[in-house]
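Presented below is the structure to which this report refers.
The values are calculated or read from the model by the stated rules, or taken from the named source; none is laboratory data. The structure displayed is predicted, hence computed values, not measured ones. Neighbour counts are summed over all protein chains in view; Cβ atoms, including those assigned to glycine, are modelled from backbone coordinates with ideal geometry.
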Amino acid sequence: MNDLQGRTVLVTGAGRGIGRAEALHLASLGANVVVNDPGVAVDGHGGDASVAEAVAAQIRDRGGRAVADTGSVTDWDAAERMVALAVAEFGDLHAVVNNAATEVNKGLERLTEAEFDGVVAVKLKGAFAVSRWAAAHWRRRRDAGDRAGRAIVNTASGSGLYNPLPTQSNYASANAAVAAMTTVHALELGRLGVRVNCVVPSMVRTRLTLGVPGMDDAPDGPDPKDPAVVAPLVSYLVGPDCAFTGQVLSVRGGAVTPVRGWELGEGIEPEGTAWTQAELAARLGALPLQDPFDRLAASLGSALGTQGRQDIEAMISAQLD
Ligand SMILES: NC(=O)c1ccc[n+]([C@@H]2O[C@H](COP(=O)([O-])OP(=O)(O)OC[C@H]3O[C@@H](n4cnc5c(N)ncnc54)[C@H](O)[C@@H]3O)[C@@H](O)[C@H]2O)c1
């Protein structure tokens with residue numbers, strides 16, 4: 001028997017890219033899949049109902065069980081309906097994979113209110129909304145005596161975690177918030193038998209990464225940038241044997257690496273009860289502060305220090321001016 005036989009998984013943004021590969025893989029392991037996707041453009045505009053249906057049909061053609069859903073994760077009522085659809089079609093919902101995302105990349109001085117809100121709504125509010133309705137369902141099941149292992153898998157990005165990409169104030173902050181929300185929900189939902197983890201894909205060839213240097217060189221053999229590279233980890237995280245909760249795991253090619261969160265470094269204390277400006281000015285320089293230019297240079301594999309800073313400044317000006 002396959003690992004996921006009889007389990008029902010709702011995957012958001014499953015019509016294309018990484019979500020599509022996850023839906024196909026989960027179905028191949030026996031899961032019933034709700035394939036959610038309104039089929040929008042990268043910036044969230046438009047819509048195409050055939051995108052979700054094509055993936056659901058492909059799963060059914062291979063002998064699996066799937067239903068398409070074209071609601072937007074940003075729509076509170078549509079998120080509730082996705083959970084209800086899973087229960088109506090397959091009798092229960094065991095896991096949610098929050099994968100949907102849009103991107104509008106611009107420097108801060110050009111980004112509009114709607115462009116900020118739209119990207120944050122899909123990535124952050126969408127993950128919250130779908131998890132919220134799933135948790136309400138799982139609470140009812142727990143109260144009825146059913147504590148079968150359930151799971152949420154969120155999806156974040158290195159942008160916002162360890163790779164502070166300029167032009168992504170909306171996308172980066174939403175992804176950082178998804179990682180934070182993962183920890184909160186892991187703590188809250190353990191009592192309902194729900195594990196909550198987060199995957200962080202990196203350098204996967206989809207329409208979001210078209211134009212990123214090095215992404216269009218598909219090799220003849222195994223392809224570490226194929227959207228399917230993330231799916232095995234997701235299928236483990238939604239399965240009944242997953243051994244942990246509250247983790248944020250980067251996936252790059254075959255490499256799975258924990259992402260460490262913000263943490264307190266070494267600090268300084270005032271001599272008396274409060275700081276004076278002069279004392280602060282004299283001692284703040286001793287703090288082991290992280291330079292954001294060095295953070296970006298390190299994640300890009302560029303030189304650190306003065307040369308690295310000049311390179312990064314030139315790159316940012318070229319992108320934004
Ligand atoms: N490709 C990468 O290298 C990479 C890197 C880091 C993180 N990610 C993350 O992986 C996930 C998948 O990205 P992808 O590269 O496959 O992108 P993609 O654009 O190929 O797929 C995203 C899907 O989400 C859908 N979507 C958009 N708005 C939606 C909404 N309101 N409701 C439901 N679905 C919606 C889109 O229609 C699209 O089919 C995203 O969360 C993204 O942030 C990808």
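Taking helices (runs of 4 or more DSSP H) that do not extend beyond the stretch 79-194, which have at least 3 residues that are in contact with a strand residue (DSSP E or B) (Cβ under 6 Å, 6 or more places away or on another chain) and within 19 Å of residue 10 (Cβ to Cβ)? Write out each step before concluding.
On the way: elements: 113-120, 126-143, 169-189.
Fully inside the stretch 79-194 and qualifying: 126-143, 169-189.
Residue-wise test of (1) in the same structural domain as residue 158 (by TED's automatic domain parsing); (2) in contact with a strand residue (DSSP E or B) (Cβ under 7 Å, 6 or more places away or on another chain); (3) at pLDDT 95 or above.
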site: 218; (1), (2), (3): yes, no, no
site: 233; (1), (2), (3): yes, yes, yes
site: 237; (1), (2), (3): yes, yes, yes
site: 266; (1), (2), (3): no, no, no
site: 286; (1), (2), (3): no, no, no
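The single residue among 11, 51 that is touching a Lys or Arg at 6+ places or on another chain (Cβ under 9 Å) and near the ligand (Cβ under 8 Å from one of its atoms) turns out to be 51.
Of all the listed residues (106, 123), the sole one being buried (at least 24 other Cβ atoms within 10 Å of the Cβ), assigned by TED's automatic domain parsing to the domain that holds residue 82 and charged (D, E, K, R) is 123.
Is it true that some residue in the stretch 246-258 is touching a Cys at 6+ places or on another chain (Cβ under 8 Å), surrounded by 15 or more Cβ atoms within 10 Å (Cβ to Cβ) and β-branched (Val, Ile, Thr)? Write out each step before concluding.
Step one: filter the stretch 246-258 for residues touching a Cys at 6+ places or on another chain (Cβ under 8 Å), giving 247-249.
Now drop any that are not surrounded by 15 or more Cβ atoms within 10 Å (Cβ to Cβ), which leaves 247-249.
The next check asks that each one be β-branched (Val, Ile, Thr); those that pass are 248.
Yes; the residues of the stretch 246-258 include at least one that is touching a Cys at 6+ places or on another chain (Cβ under 8 Å), surrounded by 15 or more Cβ atoms within 10 Å (Cβ to Cβ) and β-branched (Val, Ile, Thr).
If we keep just the residues of the stretch 14-45 that are among the small types (Gly, Ala, Ser) and within 9 Å of the ligand (Cβ to nearest atom), which is nearest to the chain's Cα centre (by Cα)?
Restricting attention to the stretch 14-45, the residues satisfying the condition of being among the small types (Gly, Ala, Ser) are 14-15, 17, 19, 21, 23, 27-28, 30-31, 39, 41, 44.
Okay, now just the ones that are also within 9 Å of the ligand (Cβ to nearest atom), so 14-15, 17, 19, 21, 39, 41, 44.
On the way: 14: 13, 15: 16, 17: 13, 19: 10, 21: 15, 39: 18, 41: 18, 44: 16 Å.
Checked the stretch 14-45; the qualifying residue nearest to the chain's Cα centre (by Cα) is 19.
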